[in-house]
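Here is the structure we will look at.
The values are calculated or read from the model by the stated rules, or taken from the named source; none is laboratory data. Being a predicted model, the structure only gives us computed values, none of them experimental. So basically every Cβ, Gly included, is an ideal-geometry build from the backbone, and we count neighbours across all protein chains shown.
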Amino acid sequence: MSKAIRVHVHGGPEVLAYEDVDPVRPGEGQVLVRHTAIGLNFLDTYYRSGLYPAPNGLPIIPGGEAAGVVVETGKGVDGLREGDRVAYVMPFGAYSEERVVPADRLVRIPQGVSDEQAAAMLLKGMTAEYLLRRTFEVKPGHTILYHAAAGGVGLILGQWAKHLGATTIGTASSAEKIAMAKAHGFDHVINYREQDFVGQVREITGGKLCDVVYDSVGKDTFPGSLDCLRPRGMFVSFGQSSGPIPPFNMAILSQKGSLYATRPTLFTYTSKREDLEASAKALFDVVSKGVVKIQINQRYPLKDAAQAHRDLEGRKTTGATVLLP
């Protein structure tokens, strides 16, 4: 038998049950992976709570990213063999000791990148990649605003955006998180608990505002995020850690300067194999070169996933967190 975390009913962290699960053999085009490290993300809490419904209902094994070792391959799998180090991003199933994964969703972990780094950065890092390079292509001279700058995606995106030549503005909730964000590429960091972030952005930019706002907070930062954009700027909503953005009249976008707004997801941006490979390659490249440093600040045993969720939702974590089987 193998162990996994399962959710049978939606609710708080207490619904995460550490249980025995039957091992599964890989079928055609599949690979059995033994996990060595599992990433923790806010997305996991959305599926646990029911904020995001699971497409096939309950129960589910949560978790969207992990790294591990190939144990067995099914028929028709080329290019992977037992012992290979691999990582993946998928909607569910990572909170487990072992699992079967479609071979075309796996990427090899290159030398110089540890399993913990790969598990901690793949979902967050490829999110940063598509946000910076495809949703809005950040170039030298652009000014960006990123909410929750000391979070897992923020610490990667801040370093990468600075490397691309942007002026980087972030928001954070404490002096400790502000210092961390500044150490990871952010030129300016606003304490949104104590300061009006819209007013601060106006002051920092001399009234010119930002080309793009990346917002994973949601309810608490809307519609203020729109007021930080210059005419024809882009509002990118890619999460809702404080709750969903309430319905709004699209006319507000014209009133605030012919703004663009989008709600992207990583799974759309990596649905094609070639896009997945390109995104992972770009991420591994900046990490291998030292442009982006991956900071793992918390480690929990897999059986303590409930405590990890409590700490994540209680804003007690910084940077990346991994669960260890």
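Please list, ordered by first then second residue, the pairs with beta carbon atoms under 8 Å, 6 or more apart or interchain, first in the range 256-272 and farther than 28 Å from D227 by Cα, second among the β-branched types (V, I, T).
Every condition considered, the pairs that remain are F267/V89; T270/V89.
Is there a residue in the range 205-220 that is surrounded by 18 or more Cβ atoms within 10 Å (Cβ to Cβ), assigned to a helix (DSSP H, G or I), modelled with pLDDT of 95 or more and out of contact with any Cys (no Cβ under 8 Å at 6 or more places or on another chain)?
There is no residue in the range 205-220 that is surrounded by 18 or more Cβ atoms within 10 Å (Cβ to Cβ), assigned to a helix (DSSP H, G or I), modelled with pLDDT of 95 or more and out of contact with any Cys (no Cβ under 8 Å at 6 or more places or on another chain).
Could you pull out the residue among E116, E129 that is closer than 20 Å to L312 by Cβ, acidic (D, E) and in a helix (DSSP H, G or I)?
Selected residue: E116, the only one of E116, E129 that is closer than 20 Å to L312 by Cβ, acidic (D, E) and in a helix (DSSP H, G or I).
Where in the range 1-72 are the strands (runs of 3 or more DSSP E), entirely inside, with at least 1 residues that are touching a Phe, Trp or Tyr at 6+ places or on another chain (Cβ under 7 Å)?
The qualifying strands (runs of 3 or more DSSP E) are 2-7, 30-39.
Being at pLDDT 95 or above, surrounded by fewer than 16 Cβ atoms within 10 Å (Cβ to Cβ) and closer than 25 Å to G63 by Cα is the requirement here; does S271 meet it?
Answer is yes for this residue.
Is there a residue being buried (at least 19 other Cβ atoms within 10 Å of the Cβ), modelled with pLDDT of 95 or more and in a loop (DSSP other than H, G, I, E, B) anywhere in the range 82-90?
no
Only residues that are buried (at least 24 other Cβ atoms within 10 Å of the Cβ) and of a type in the set (G, A, S): list them for the range 167-199, please.
G170, A172, A181, G185, listed by residue number.
Report every pair of residues separated by at least 6 positions or lying on different chains whose Cβ atoms are under 8 Å apart, first residue within the range 295-306 and of a type in the set (F, W, Y), second buried (at least 17 other Cβ atoms within 10 Å of the Cβ).
Y300/L40; Y300/A308; Y300/T321; Y300/V322; Y300/L323
K303: of a type in the set (D, E, K, R), closer than 30 Å to A119 by Cα and assigned to a loop (DSSP other than H, G, I, E, B), yes or no?
Working: of a type in the set (D, E, K, R): yes; closer than 30 Å to A119 by Cα: yes; assigned to a loop (DSSP other than H, G, I, E, B): no.
When the stated conditions are applied, K303 does not pass them.
In the range 236-260, which residues are in contact with a Leu (Cβ under 6 Å, 6 or more places away or on another chain) and not in a loop (DSSP other than H, G, I, E, B)?
First pass over the range 236-260, keeping only residues in contact with a Leu (Cβ under 6 Å, 6 or more places away or on another chain): 253, 256, 259.
The one that is in contact with a Leu (Cβ under 6 Å, 6 or more places away or on another chain) and not in a loop (DSSP other than H, G, I, E, B): L253.
Note down all Cβ pairs under 8 Å where the first residue falls in the range 164-183 and is closer than 14 Å to V153 by Cβ and modelled with pLDDT of 95 or more, the second is among the basic types (K, R) and part of a helix (DSSP H, G or I), and they're at least six residues apart or on different chains.
From the range 164-183, the pairs are T168/K162.
Please enumerate the residues belonging to the range 146-166 that are surrounded by 23 or more Cβ atoms within 10 Å (Cβ to Cβ), among the small types (G, A, S) and not in a helix (DSSP H, G or I).
Within the range 146-166, A148, A149, A150, G151, A166 meet the criteria.
Being assigned by TED's automatic domain parsing to the domain that holds V153 and closer than 28 Å to L106 by Cα is true for just one of G243, G239, G290, G319. Which residue is that?
The match here is G239.
Cβ-Cβ distance below 6 Å, separation of 6 or more or different chains: which pairs start in the range 106-117 with a residue that is among the charged types (D, E, K, R) and end on one that is at pLDDT below 95?
These pairs meet every condition: E116/I296.
Determine, yes or no, whether V213 is touching a residue at least 24 places away in the same chain (Cβ under 8 Å), within 21 Å of V153 (Cβ to Cβ) and among the hydrophobic types (A, V, I, L, M, F, W, C). Reasoning before the result, please.
Values: touching a residue at least 24 places away in the same chain (Cβ under 8 Å): yes; within 21 Å of V153 (Cβ to Cβ): yes; among the hydrophobic types (A, V, I, L, M, F, W, C): yes.
Taking the combined requirement at face value, the residue satisfies it.
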